[in-house]
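The values are calculated or read from the model by the stated rules, or taken from the named source; none is laboratory data. Predicted, not measured: the structure shown is a model, and the values here were computed from it. Every residue, glycine among them, receives a Cβ derived from its backbone with ideal geometry; neighbour counts consider all protein chains shown. In case anyone asks, the SASA skips ligands and DNA or RNA and just uses the protein heavy atoms, side chains included. Shrake-Rupley method; radii C 1.70, N 1.55, O 1.52, S 1.80 Å.
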Amino acid sequence: MTGTELAMRSAETVTATSLDLMRVVAPKLSWMMRIEEHLHWETLSQLRVTLRAGVVLRFKVRDLLVLKEGQVFESLSPATDDVPVRVGQAQLGWSEFEVLEQRMALRLTRLG
């Protein structure tokens, strides 16, 4: 038997064994297509999450020691760049800041 034949037979054995294990470990269950189909959706839909929008500012420790009210920090991003929006560690999308009735607001510009 050549090395190629041995490799092919080994691959066949591993593949067959892997498939058998998959059948045992992963029984066929119907998968929900939408989160709203989840068994506990009523409860899940009421959970509060915190969105975070980040703007990168760079300054030195000595600048922190002399902070004053009204001081303005320049960001590293151009005003035209969108700002990343995160929920926990996952990035939800991109956004831009706006003012809405005297309050800061965030407009989601794209998902992902």
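For this structure, a couple of remarks:
- Residues ARG107, ARG52, ordered by accessible area of protein heavy atoms at a 1.4 angstrom probe radius and largest first, appear as ARG52, ARG107.
- Applying a DSSP loop filter and a limit of 15 other Cβ atoms within 10 Å to the GluC sites (Glu not before Pro) in the stretch 41-110 leaves GLU69, GLU74, GLU101.
- Which of ARG86, ARG48 is most accessible, then next, and so on - probe 1.4 Å: ARG48, ARG86
- For the stretch 33-99, chymotrypsin sites (Phe, Trp or Tyr not before Pro) meeting the loop criterion (DSSP other than H, G, I, E, B) and having at most 13 other Cβ atoms within 10 Å: PHE59, PHE73.
- Maximal additional length on extending the ARG107-GLN91 stretch stands at 4.2 nm, based on 0.36 nm per residue less the C-alpha distance.
- When SER95, SER77 are compared by accessible area of protein heavy atoms, the largest-first order is SER77, SER95, using a 1.4 Å probe.
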